[in-house]
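The values are calculated or read from the model by the stated rules, or taken from the named source; none is laboratory data. Here the structure is a predicted model, which means the values were calculated and not measured. Heads up, the Cβs are rebuilt from the backbone with ideal geometry, glycines too, and the neighbour counts pull from every protein chain shown. Surface accessibility is based on the protein's heavy atoms, side chains included, excluding ligands, DNA and RNA. Shrake-Rupley method; radii C 1.70, N 1.55, O 1.52, S 1.80 Å.
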Amino acid sequence: QGHAKAQYNLGDFYYYGSHGLQESIPLALKYLKLAVTELQIKDEGYLENRRYPLSDEDRNDVWYNVASCYSLGPDPSLPESYYWFNRYLSTHPPSCSGCKEEEKAREKVDEIKKHLASHCSTCKRGRERGRPLERCSRCYLACYCSKECQREHWVSHKEICKMIKGVL
(Lines give C-alpha, C1' and ligand atoms only; values in the text may rest on other atoms or scores of the structure.)
Protein backbone atom coordinates (compact mmCIF):
# COMPACT_ATOMS: atom_id res chain seq x y z
CA GLN A 1 0.00 0.00 0.00
CA GLY A 2 1.55 3.29 -1.00
CA HIS A 3 2.07 5.81 -3.73
CA ALA A 4 2.90 4.67 -7.23
CA LYS A 5 5.53 7.38 -7.70
CA ALA A 6 7.44 6.36 -4.55
CA GLN A 7 7.25 2.68 -5.45
CA TYR A 8 8.39 3.43 -8.98
CA ASN A 9 11.34 5.45 -7.63
CA LEU A 10 12.38 2.68 -5.22
CA GLY A 11 12.13 0.10 -8.00
CA ASP A 12 14.19 2.31 -10.26
CA PHE A 13 16.84 2.86 -7.57
CA TYR A 14 17.17 -0.89 -6.94
CA TYR A 15 17.19 -1.61 -10.69
CA TYR A 16 20.10 0.77 -11.35
CA GLY A 17 21.78 0.45 -7.94
CA SER A 18 21.56 4.18 -7.32
CA HIS A 19 20.88 6.56 -4.41
CA GLY A 20 22.88 4.40 -1.99
CA LEU A 21 20.94 1.20 -2.72
CA GLN A 22 22.68 -1.91 -3.97
CA GLU A 23 21.47 -3.21 -7.32
CA SER A 24 18.82 -5.90 -6.75
CA ILE A 25 16.60 -7.19 -9.55
CA PRO A 26 14.23 -9.05 -7.16
CA LEU A 27 13.70 -5.90 -5.05
CA ALA A 28 13.37 -3.73 -8.15
CA LEU A 29 10.70 -6.10 -9.49
CA LYS A 30 8.90 -6.10 -6.13
CA TYR A 31 8.59 -2.29 -6.01
CA LEU A 32 7.88 -1.87 -9.71
CA LYS A 33 5.08 -4.44 -9.47
CA LEU A 34 3.67 -2.53 -6.48
CA ALA A 35 3.72 0.65 -8.59
CA VAL A 36 1.90 -1.14 -11.40
CA THR A 37 -0.69 -2.49 -8.93
CA GLU A 38 -1.21 1.00 -7.52
CA LEU A 39 -1.95 2.37 -10.98
CA GLN A 40 -5.33 1.99 -12.58
CA ILE A 41 -5.34 0.96 -16.21
CA LYS A 42 -7.97 2.56 -18.40
CA ASP A 43 -9.42 0.91 -21.52
CA GLU A 44 -6.94 2.62 -23.86
CA GLY A 45 -4.02 1.44 -21.75
CA TYR A 46 -3.27 4.87 -20.27
CA LEU A 47 -2.57 5.09 -16.58
CA GLU A 48 -4.38 7.13 -14.02
CA ASN A 49 -3.48 7.69 -10.42
CA ARG A 50 -5.54 10.62 -9.21
CA ARG A 51 -3.38 11.69 -6.27
CA TYR A 52 0.18 11.27 -7.57
CA PRO A 53 0.19 10.87 -11.33
CA LEU A 54 3.16 9.45 -13.16
CA SER A 55 4.28 11.27 -16.27
CA ASP A 56 4.06 9.41 -19.59
CA GLU A 57 7.84 9.06 -19.51
CA ASP A 58 7.76 7.54 -16.01
CA ARG A 59 4.93 5.22 -17.03
CA ASN A 60 6.96 3.94 -19.97
CA ASP A 61 9.98 3.51 -17.70
CA VAL A 62 7.86 1.36 -15.37
CA TRP A 63 6.85 -0.94 -18.26
CA TYR A 64 10.42 -1.16 -19.57
CA ASN A 65 11.99 -1.82 -16.17
CA VAL A 66 9.38 -4.43 -15.18
CA ALA A 67 10.05 -6.23 -18.47
CA SER A 68 13.80 -6.08 -17.89
CA CYS A 69 13.43 -7.39 -14.33
CA TYR A 70 11.38 -10.35 -15.53
CA SER A 71 14.03 -11.19 -18.11
CA LEU A 72 16.98 -10.73 -15.73
CA GLY A 73 15.65 -12.03 -12.42
CA PRO A 74 16.87 -15.09 -10.54
CA ASP A 75 14.18 -17.15 -12.29
CA PRO A 76 13.60 -15.40 -15.64
CA SER A 77 10.02 -15.41 -16.84
CA LEU A 78 10.07 -14.86 -20.57
CA PRO A 79 6.30 -14.69 -21.18
CA GLU A 80 5.94 -11.95 -18.54
CA SER A 81 8.95 -10.14 -19.95
CA TYR A 82 7.44 -10.40 -23.44
CA TYR A 83 4.14 -8.96 -22.16
CA TRP A 84 5.76 -5.96 -20.43
CA PHE A 85 8.10 -5.15 -23.34
CA ASN A 86 5.06 -5.15 -25.65
CA ARG A 87 3.20 -3.01 -23.14
CA TYR A 88 6.12 -0.57 -23.23
CA LEU A 89 6.19 -0.56 -27.04
CA SER A 90 2.41 -0.05 -27.30
CA THR A 91 2.54 3.12 -25.16
CA HIS A 92 5.90 4.41 -26.40
CA PRO A 93 5.43 7.91 -27.84
CA PRO A 94 5.94 8.20 -31.61
CA SER A 95 8.21 11.20 -31.01
CA CYS A 96 10.76 8.82 -29.45
CA SER A 97 10.63 6.35 -32.33
CA GLY A 98 14.01 4.72 -32.82
CA CYS A 99 15.39 5.59 -29.39
CA LYS A 100 17.83 3.21 -27.69
CA GLU A 101 15.27 1.73 -25.27
CA GLU A 102 12.76 1.11 -28.05
CA GLU A 103 15.38 -0.70 -30.14
CA LYS A 104 16.40 -2.81 -27.12
CA ALA A 105 12.76 -3.64 -26.36
CA ARG A 106 12.11 -4.72 -29.96
CA GLU A 107 15.28 -6.85 -29.93
CA LYS A 108 14.22 -8.47 -26.63
CA VAL A 109 10.72 -9.22 -27.98
CA ASP A 110 12.22 -10.91 -31.07
CA GLU A 111 14.76 -12.80 -28.95
CA ILE A 112 12.06 -14.07 -26.57
CA LYS A 113 9.79 -15.12 -29.45
CA LYS A 114 12.62 -17.08 -31.08
CA HIS A 115 13.61 -18.75 -27.82
CA LEU A 116 10.05 -19.74 -26.88
CA ALA A 117 9.34 -20.99 -30.41
CA SER A 118 12.28 -23.39 -30.23
CA HIS A 119 11.29 -25.21 -27.00
CA CYS A 120 8.19 -26.84 -25.56
CA SER A 121 6.85 -24.57 -22.82
CA THR A 122 6.20 -27.58 -20.58
CA CYS A 123 8.94 -30.17 -20.99
CA LYS A 124 11.53 -27.79 -22.56
CA ARG A 125 12.33 -30.24 -25.37
CA GLY A 126 13.37 -28.66 -28.62
CA ARG A 127 12.09 -29.44 -32.08
CA GLU A 128 12.69 -33.07 -32.86
CA ARG A 129 13.49 -34.34 -36.35
CA GLY A 130 12.08 -31.30 -38.05
CA ARG A 131 8.71 -31.71 -36.37
CA PRO A 132 7.36 -28.21 -35.63
CA LEU A 133 6.02 -27.28 -32.21
CA GLU A 134 2.37 -26.29 -31.96
CA ARG A 135 1.69 -22.74 -30.76
CA CYS A 136 -0.95 -21.63 -28.27
CA SER A 137 -3.94 -20.62 -30.41
CA ARG A 138 -4.68 -17.60 -28.21
CA CYS A 139 -1.39 -15.80 -27.59
CA TYR A 140 0.78 -17.55 -30.23
CA LEU A 141 3.71 -17.36 -27.82
CA ALA A 142 3.77 -20.63 -25.88
CA CYS A 143 4.75 -23.72 -27.89
CA TYR A 144 4.10 -27.39 -27.21
CA CYS A 145 5.38 -30.71 -28.46
CA SER A 146 2.13 -32.53 -27.60
CA LYS A 147 -1.47 -32.02 -26.49
CA GLU A 148 -0.52 -33.50 -23.10
CA CYS A 149 2.13 -30.83 -22.58
CA GLN A 150 -0.34 -28.14 -23.62
CA ARG A 151 -2.97 -29.36 -21.12
CA GLU A 152 -0.41 -29.61 -18.32
CA HIS A 153 0.89 -26.09 -18.96
CA TRP A 154 -2.54 -24.44 -19.28
CA VAL A 155 -3.03 -24.07 -15.50
CA SER A 156 0.04 -21.82 -15.20
CA HIS A 157 -0.24 -20.30 -18.68
CA LYS A 158 -3.85 -19.10 -18.85
CA GLU A 159 -3.37 -15.85 -16.88
CA ILE A 160 -0.35 -14.62 -18.86
CA CYS A 161 -2.04 -15.84 -22.06
CA LYS A 162 -4.96 -13.47 -21.44
CA MET A 163 -2.57 -10.61 -20.69
CA ILE A 164 -0.50 -11.19 -23.83
CA LYS A 165 -3.60 -11.46 -26.03
CA GLY A 166 -4.87 -8.17 -24.56
CA VAL A 167 -1.70 -6.19 -25.37
CA LEU A 168 -1.16 -7.47 -28.92
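Of all residues in the range 110-143, which are assigned to a strand (DSSP E or B), open to solvent by less than 90 Å² (accessible area, probe 1.4 Å) and farther than 18 Å from residue 82 by Cα? Give the steps one after another, and end with the answer.
Residues of the range 110-143 assigned to a strand (DSSP E or B): 119, 126, 128, 131, 134-135, 143.
Those left that are additionally open to solvent by less than 90 Å² (accessible area, probe 1.4 Å): 119, 126, 143.
Answer for the range 110-143, where residues must be assigned to a strand (DSSP E or B), open to solvent by less than 90 Å² (accessible area, probe 1.4 Å) and farther than 18 Å from residue 82 by Cα: just 126.
Out of 108, 104, I need the residue that is without any contact (Cβ under 8 Å) to a residue 12 or more places away in the chain and either under 20 Å from residue 59 (Cα atoms) or not acidic (Asp, Glu) (or both). Which one? Let's see the steps before the verdict.
Values: 108 fails: without any contact (Cβ under 8 Å) to a residue 12 or more places away in the chain.
That would be 104, the only listed residue that is without any contact (Cβ under 8 Å) to a residue 12 or more places away in the chain and either under 20 Å from residue 59 (Cα atoms) or not acidic (Asp, Glu) (or both).
Look through the range 17-46, keep the residues that are over 20 Å from residue 87 (Cβ atoms) and part of a helix (DSSP H, G or I), and return whichever of them is modelled with the lowest pLDDT.
Here is the first cut: in the range 17-46, the residues over 20 Å from residue 87 (Cβ atoms) are 17-24, 26-27.
Then keep just the ones that are part of a helix (DSSP H, G or I); that gives 26-27.
Values: 26: 86, 27: 89.
Only one residue tops the list, namely 26.
Of all residues in the range 79-101, which are surrounded by 14 or more Cβ atoms within 10 Å (Cβ to Cβ) and closer than 22 Å to residue 140 by Cα?
Applying the first criterion (surrounded by 14 or more Cβ atoms within 10 Å (Cβ to Cβ)) to the range 79-101 yields 79-89, 91-92, 101.
Matches in the range 79-101: 79, 80, 81, 82, 83, 84, 85, 86, 87, 88, 89, 91.
Only one of 144, 140 is aromatic (Phe, Trp, Tyr) and more than 19 Å from the chain's Cα centre (by Cα). Can you tell me which? Before you say what the answer is, go through the steps one by one.
Details: 140 fails: more than 19 Å from the chain's Cα centre (by Cα).
Result: 144 is the single residue among 144, 140 that is aromatic (Phe, Trp, Tyr) and more than 19 Å from the chain's Cα centre (by Cα).
Mind checking which residues of the range 1-36 are hydroxyl-bearing (Ser, Thr, Tyr) and open to solvent by less than 70 Å² (accessible area, probe 1.4 Å)?
First, the residues of the range 1-36 that are hydroxyl-bearing (Ser, Thr, Tyr): 8, 14-16, 18, 24, 31.
Correct list: 8, 14, 15, 18, 24, 31.
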